[in-house]
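Below is one structure, written out as structure tokens; the observations come after it.
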Ligand code: ACM
């Protein structure tokens, strides 16, 4: 007898670059748990489907995992559109869904454990960092679906409260290629913003950064700032077109902690390389470990029992200590801002002293009061 869990990450298609890293993070955690004998003497058995980055397929395959395989714990999804697709199925069948991805907030489901950053943990600090270090006149460029549109709404409010302004807002198809960005890059250069806020995701993100460099976009005077351009995308973009650009995330591969070093060593051993280790990969890894700890206590894969145990649980993650907030099913996370150096590595510029409580509905009136530390950072080091 095993404990079966479902995995729903795309190994092909436009968001596979990031979802493959999430799948790897989940598989690594499952291996580690099984190598120690599993949970209560039973191994965890993953049943994995590839939705190929096609939104409708996430729903179909989620239903298949629950109905055909009788599985009620599933880890999956990157794009918010795919999460919205599985949400009614998860709720109707009372399953437990672990979502290891940053997203736009403004959602709560009793059937979802949200493991990625909410806007108060990434958008708000990033907006403030840009206003302090570059200026508050931003140009928004995004992929055309819910996460970019909603993230831009939040960022617009952050700028408005800080005295900044939005100079332009343009959306692109997920399949967009380099030349598709040319007219917008011309418009950006004409508008001369202080920075670009990019919510372009997946393969088209790589095309966008390269097109920006090809049009002589200068990261020193007008960087691209993002929540979704992580290590996997940076590796694909290459150091030349990514140097000087900025990302906000709870985790970066360059964190020097012992927990991160042992996570990276295990990942390297299993997958042969750590170039694609991202905050979303780390979130999937942590969520599987936290699920296993909850299962150790409940002794049964029961949605209500597992949720009861997992809410409030802490974990010493590669990013630092995290905790699932019993108020809203989201996660207390670290918050960091990093800049890409000449080697294509993220160098952390600022970080909070301790994990930030998730505020997915941005109800806190003091959204700037985050106790950030600007770090003394030597470029290239
Ligand atoms: C996302 O769509 N939540 C990145």
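Quick note: the coordinates plus some simple rules give every number you see, no bench work behind them. Bear in mind the structure is a predicted one, so any value in this text is a computation, not a measurement. Cβ: placed from backbone, ideal geometry, glycine included. Neighbour counts: every protein chain shown.
Over the chain, what is the mean sequence separation of C-alpha contacts under 8 Å (at least six apart), divided by residue count, expressed as relative contact order in percent? Kindly include the intermediate steps, with their values, before the conclusion.
Details: 812 pairs, mean separation 71.8, N = 381.
Dividing the mean separation by the residue count of the chain yields 19 percent.
When you count, for each residue, the other Cβ atoms within 10 Å and take the mean per peptide, how do 279-287, 316-324 rank with the highest first?
Numbers: 279-287: 29.8, 316-324: 21.8.
Descending packing order for the listed peptides: 279-287, 316-324.
Of the DSSP beta bridges with both residues in the chain, give the percent that are antiparallel, rounding to the nearest 5.
Details: 20 of 52 bridges.
Antiparallel: roughly 40 percent of the beta bridges in the chain.
With a cut-off of 8 Å between alpha carbons and a minimum separation of six or more residues, what is the relative contact order of segment 122-242 in percent?
Details: 181 pairs, mean separation 35.6, N = 121.
Reported relative contact order: 29 percent.
Multiply the residue separation of residue 327 and residue 218 by 0.36 nm, subtract the distance between their alpha-carbon atoms, and state the gained length in nm to one decimal. Write out the running numbers ahead of the final one.
Numbers: separation 109, 0.36 × 109 = 39.24 nm, distance 4.29 nm.
Full extension from residue 327 to residue 218 adds 34.9 nm.
Quick check: the angle from helix 55-67's long axis to the longest principal axis of the chain, C-alpha only, nearest 10 degrees?
10
Report the residues of segment 54-83 in range of a label on residue 42: point 7 Å along Cα→C-beta, backbone N strictly under 14 Å from it.
Output list for this probe position: 70-73.
Could you list 44, 246 so that the one with the fewest beta carbons within 10 Å of its beta carbon is first and the one with the most is last? All intermediate terms of the calculation are to be shown ahead of the outcome.
Details: 44 21, 246 25.
Ordered by Cβ neighbours within 10 Å, fewest first: 44, 246.
Report the calculated FRET efficiency for residue 177 and residue 11 (r = Cβ-Cβ distance, R0 = 25 Å), to the nearest 0.05.
Working: r = 22 Å, r/R0 = 0.87.
The value I calculate is 0.70.
Give the span of the chain's Cα atoms along each principal axis, as three whole-Å numbers ordered largest to smallest.
63, 43, 40
Please give the helix 279-298 orientation as an angle from the longest Cα principal axis of the chain, in degrees from 0 to 90, rounded to the nearest 10.
20
How far apart, in nanometres, would the label points at residue 92 and residue 132 be if each is projected 7 angstrom from Cα along the Cα-to-Cβ direction?
Taking the simple label geometry, residue 92 and residue 132 are separated by 4.7 nm.
Using only Cα atoms, find the angle between the long axis of helix 80-92 and the longest principal axis of the chain, and express it within 0 to 90 degrees, rounded to the nearest 10.
Tilt of helix 80-92: around 30 degrees.
For residue 363, put the label point 7 Å out on the Cα→Cβ axis and report which residues of segment 303-335 keep their amide N under 13 Å from it.
326-330
How much mean residue ellipticity at 222 nm does the chain get from its helices, if each DSSP H run of length 4 or more adds -39500 (n - 2.57) and you divide by all residues, to the nearest 500 deg cm²/dmol? Provide the component values of the computation, followed by the final result.
Numbers: 12 runs with 149 residues, N = 381.
The helix-only estimate for the chain comes to -12500 deg cm²/dmol at 222 nm.
In percent, how large is the relative contact order of segment 184-343, given Cα pairs closer than 8 Å and 6 or more residues apart? Walk me through the intermediate numbers first.
Details: 211 pairs, mean separation 38.2, N = 160.
Across segment 184-343, relative contact order equals 24 percent.
Cut-off is 10 Å between beta-carbons; in what order do 140, 263, 9 appear when sorted fewest neighbours first? Please report the intermediate quantities before stating the final value.
Values: 140 23, 263 27, 9 30.
Fewest-to-most ranking of 140, 263, 9: 140, 263, 9.
Can you report the principal axis dimensions of segment 157-298 using only the alpha carbons, biggest first, rounded to whole angstrom?
57, 37, 29
How would segment 81-186 be classified by its alpha-carbon gyration tensor: rounded, prolate or oblate, with rounded meaning a/c under 1.5 and the a/b versus b/c comparison settling the rest?
Values: a/c = 3.02, a/b = 1.53, b/c = 1.98.
Oblate shape, in that a/c is at least 1.5 and b/c is the bigger or equal ratio.
Go through 221-229, 114-122 and give me the packing order, highest mean Cβ count within 10 Å leading. Could you put the intermediate results ahead of the total?
Details: 221-229: 24.2, 114-122: 28.4.
So the order, starting with the most tightly packed, is 114-122, 221-229.
Quick check on packing: order 31-39, 68-76 by the mean number of other C-beta atoms within 10 Å, highest mean leading. Don't skip to the end; give the middle numbers.
Details: 31-39: 15.6, 68-76: 20.4.
Those peptides, ordered most packed to least, come out 68-76, 31-39.
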